Every structure is written in structure tokens, then in C-alpha cells.
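Structure provided below as C-alpha cells; questions to follow.
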Amino acid sequence: MESIKERGHEVQVIDYLKCHMNITSHSPKIYLGDEELVGFDAIIPRIGASHTFFGTAVVRQFEMMNVYALNESVAISRSRDKLRSMQLLARKGLGLPVTSFAHDPRATKHLIKICGGAPLVIKLLEGTQGVGVVLAETGKAAESVIEAFRGLNANILAQEFIAEAGGADIRCFVVGEKVVAAIKRQGQEGEFRSNLHRGGSATVIKITPEERSTAVRAAKVMGLNAAGVDLLRSNHGPVIMEVNSSPGLEGIESATGKDVAGMIVEFIEKNHKPGRTRTRGKG
């Protein structure tokens, strides 16, 4: 908000969960309470992971009203589905941890084998900020965790554990087709998850050209104009852990001293046009 106002624009923060929509062929509308939301040039979606379905519906409605979205509804949906995003990234040949996925409980042992055995990481497809991510140290522990998640009818995937990363990952903040800031996030001692929400620490890091290229390509595959791309340094080059469509600003701005929010606003100034939705009709 501060960056938008500094550049002479008007801004309104909208609680998308309090919006309701009139879905009409020639005159789509969005309301916040009794107020019709009109006159917007652009929106910056910040959609909570647990409200992706409704949040992307609101973004889509704005797109139908020819309002420019920094990150489009289709791109947000893609990035939020861990399995779908992994499949799209794999199709483009980007570096990923070995990942396995199954529905049949009888495939559990084979899932673990595909990932190279224990230790391995088991993830809830709908998890965020490190919630629903478990490191299984032994094959038996992996089987128990998978069975427990299956008992809750949860969709999970299993991934090889990149031990050489040492509990650290790299968050690359991509705006447009550039990495504008990068930090190394280190998990607390004994913690393999490096999320800042889980007590991890952030330091500035110099990334390699390969890491820079991987982050930019990952954001592009998802269709995101602004993204936090999380990489691990593995023995076979950078591997992508996640592409985040609503990355936090506070940690990366305070660690790097860069005005990332200002760069996002500048990108919108250069690129916004009414009705400029690239992925229209692609689901």
C-alpha cells in the first residue's frame, strides 16, 4: 500500500472473502457488501492457500471485467496444486526432486522406492508455510505417515530428501522475467523446513546464473508475473521445491534492503492494460 501511494496511485484493500459476484454474460459485477467495486485498473491478488477456490473465482471475475491482474487466476490455481505444478515444471525439463504420487495404498512401498528410500519427505498437496510436510527418517516411519494421511483422505506426494541442502533453501523473488531479490533461508537447528514462519533465518545470497535462470523459467511455466521460487542446492544442480503465487515481502525486503513492493508496482505501471489476460480460455 505504501509503495502504491508513494507512486501517486489510489489503492483499496479488499477482503475477497467478503465479496459476492453477479455472474452475467454482458455485465459481470463484484460487490463488497452493498458497494459495487468499479473503476479499478489493476489488482494484486494475495490469496490465502486455504481459500484458493473462492479467491481465484474473485480474481477471475475481475478479469471478466477487464481489470488487469498481476497474477492471473489460472496461474494462481496452477501454482497452488503441488502435483500439477510439478508435472508442468517436469514437462519443461526443470530440475525437481524425485517425486512420486499414488492413490492406491498398496503402492506405498513402491512410492518410497521411487524416491530412493528413506529418509524422504512426505507432503500434503494442500499444505503451505511448511504445514503438512514431514521428514520420514526410516522406511517404516514413511509407511506410517503415508497411512495416517491416507486415513484422513488427504492427497499426498513423496519426494527424495536433499540432505546436502543442509536444511537451507533459496527464495528467489521473480518480478516480470527477472530475479529482483534472493535470500538464503536456514531452518532452526534440527529443523529441515526453512520457512521464516517456522523460525527460519534469512540472509542475502549471491545466486548462480543457473539458479537465476531456473527461477525465472519456473515462474514463467506457472504464468506468474510475481512469484517466490524456492530452490534447493542439490548435487545435481538447483531443484525447485515450490513456486509461490503470494510470496511474503517482509522477510526478503528486510534481509536485502530492496524495495520489492516498489518493483511490483513499477511492473504493473508498465504492463497493465484493460482486458490483458494472457491465459483466457485455457482453464
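The values are calculated or read from the model by the stated rules, or taken from the named source; none is laboratory data. Values in this document were obtained by computation on a predicted structure and should not be read as measured data. So basically every Cβ, Gly included, is an ideal-geometry build from the backbone, and we count neighbours across all protein chains shown.
For segment 234-250, give me each residue that is surrounded by fewer than 20 Cβ atoms within 10 Å (Cβ to Cβ) and more than 15 Å from the chain's Cα centre (by Cα).
If the condition is that a residue be surrounded by fewer than 20 Cβ atoms within 10 Å (Cβ to Cβ) and more than 15 Å from the chain's Cα centre (by Cα), then Ser234, Asn235, His236, Gly237, Glu250 are the ones that fit.
Can you confirm whether segment 225-247 contains a residue that is part of a helix (DSSP H, G or I), of a type in the set (Lys, Arg) and at pLDDT 90 or above?
The answer is no; no qualifying residue exists.
Right, another one. In segment 142-159, what residues are of a type outside the set (Gly, Ala, Ser) and farther than 16 Å from Asp230 by Cβ?
Within segment 142-159, Glu143, Val145, Ile146, Glu147, Phe149, Arg150, Leu152, Asn153, Asn155, Ile156 meet the criteria.
Quick one: count up the residues across segment 51-78 that are surrounded by fewer than 19 Cβ atoms within 10 Å (Cβ to Cβ) and either closer than 15 Å to Ser246 by Cβ or modelled with pLDDT of 95 or more (or both).
So the count comes out to 4.
Taking segment 29-50, which residues are more than 18 Å from Ala226 (Cβ to Cβ) and exposed (fewer than 13 other Cβ atoms within 10 Å of the Cβ)?
Gly33, Asp34, Glu35, Glu36, Val38, Gly39, Ser50
Looking at Gly93, Gly48, Gly55, Gly39, can you tell me which residue is closer than 26 Å to Asn155 by Cα and without any contact (Cβ under 8 Å) to a residue 12 or more places away in the chain?
Answer to the check: Gly93.
Kindly indicate whether Ser213 is of a type in the set (S, T, N, Q), modelled with pLDDT of 95 or more and assigned to a helix (DSSP H, G or I).
The answer is yes for Ser213.
Can you go through His26, His9, His20 and tell me which one is surrounded by 10 or more Cβ atoms within 10 Å (Cβ to Cβ), more than 26 Å from the chain's Cα centre (by Cα), of a type outside the set (Lys, Arg) and not in a helix (DSSP H, G or I)?
Only one candidate qualifies: His9.
Now, a different point. Could you identify the single residue in Ala141, Ala158 that is closer than 15 Å to Leu120 by Cβ and in contact with a helix residue (DSSP H, G or I) (Cβ under 6 Å, 6 or more places away or on another chain)?
When all the criteria are applied, what remains is Ala158.
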